[in-house]
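Peer 1: Dumping the structure here so I can ask a few things about it.
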Amino acid sequence: MCSSYVDPEDLTLEEGTFLVRLARRAVENYIIRNVVIELPEDTPQKLRGMGASFVTLLKISGAESHELRGCIGYVKPVEPLALNVIHAAIAAATEDPRFPPLEPRELTEVIFEVSVLSKMIEISRNPKKRPSEFLIGRDGLMVEYGFYSGLLLPEVPVEYCWDNETFLAETCFKAGLSPDCWLNERVKVFRFSARTFKEVRPGGDVIIRDFIKEYSTNCGQSVVKLR
């Protein structure tokens, strides 16, 4: 297998579509037949490189409304990207502690979304600089302090129309820390980008999400540019 790292920005819509279809196939086989599928022979060579991914399941609850049904992923590229998507998809469908395992009847009601993560980059330890060192719509955040850690994907602040300081606070909260933990120089804050591919309907066409455009359109404001 290829050992190179997969940069999410290098992925095409065709390759992203392959990953989304693979995620759905993995979940279908696991919850219906209790089988963990192997890496398909037709997996593109690029997707055999090392990569990290998150798979999100969204249940349709109205004409344009989707509810989270599961989301699990991996931060570090410890295995081939396509294989990582298989594992993340099954985990999102069956191991997210916030939800019961997905049932076969729900497959026609759930949209699959695959986010391929870049490598983590630690931002400044200076609290005053932190809000200006990442871009909403481009970056996700991860907070680490001792045994505590928490991660929010780039789409989260876009969907809730957060500003940069709110995004930092919510990531601290996700890590089980106080919302102002990012003001502590001993707390590590990392940024990362992601390329996110999403079904427009269950089993339907796949698109690449443009979070910067979504933030501008849905929240009525532009991103805070990096200094």
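Peer 1: Tell me, yes or no, whether the range 131-149 has at least one residue that is acidic (D, E), over 19 Å from the mean Cα position of the chain (by Cα) and over 30 Å from V35 (Cβ atoms).
Peer 2: yes
Peer 1: Of the residues V158, V110, which is out of contact with any Cys (no Cβ under 8 Å at 6 or more places or on another chain), among the aliphatic types (A, V, I, L, M) and within 30 Å of T17 (Cβ to Cβ)?
Peer 2: When all the criteria are applied, what remains is V110.
Peer 1: Would you check if F167 is in the same structural domain as E79 (by TED's automatic domain parsing) and in contact with a Leu (Cβ under 9 Å, 6 or more places away or on another chain)?
Peer 2: no
Peer 1: Here's a follow-up. Mind listing whichever residues of the range 44-92 are farther than 19 Å from L117 by Cβ and of a type in the set (S, T, Y)?
Peer 2: Within the range 44-92, S61, S65 meet the criteria.
Peer 1: Okay, next question. I'd like to know if the range 121-129 contains one or more residues that are buried (at least 17 other Cβ atoms within 10 Å of the Cβ) and not β-branched (V, I, T).
Peer 2: Looking for residues that are buried (at least 17 other Cβ atoms within 10 Å of the Cβ) and not β-branched (V, I, T), one finds none in the range 121-129, hence no.
Peer 1: Does the range 190-216 hold any residues that are closer than 15 Å to N164 by Cα, over 17 Å from the mean Cα position of the chain (by Cα) and either in a loop (DSSP other than H, G, I, E, B) or of a type in the set (A, V, I, L, M) (or both), and which are they?
Peer 2: none
Peer 1: Go through the range 112-148 and give me each residue that's out of contact with any helix residue (DSSP H, G or I) (no Cβ under 9 Å at 6 or more places or on another chain), of a type outside the set (D, E) and either in contact (Cβ under 8 Å) with a residue 60 or more places away in the chain or assigned to a strand (DSSP E or B) (or both).
Peer 2: K119, M120, I121, R125
Peer 1: Given (1) under 22 Å from F192 (Cα atoms); (2) loosely packed, with under 14 Cβ neighbours inside 10 Å, where does L81 come up short, assuming only one miss?
Peer 2: It fails just one condition, (2).
Peer 1: Looking at the range 53-66, is at least one residue closer than 18 Å to R209 by Cβ, free of Cβ contacts under 8 Å to residues at least 12 places away in the same chain and part of a loop (DSSP other than H, G, I, E, B)?
Peer 2: Scanning the range 53-66, I find at least one residue that is closer than 18 Å to R209 by Cβ, free of Cβ contacts under 8 Å to residues at least 12 places away in the same chain and part of a loop (DSSP other than H, G, I, E, B), so the answer is yes.
The values are calculated or read from the model by the stated rules, or taken from the named source; none is laboratory data. None of the values given here were measured: they were computed from a predicted structure. Note: ideal-geometry Cβ built from the backbone for every residue, glycine included; neighbour counts use all protein chains shown.
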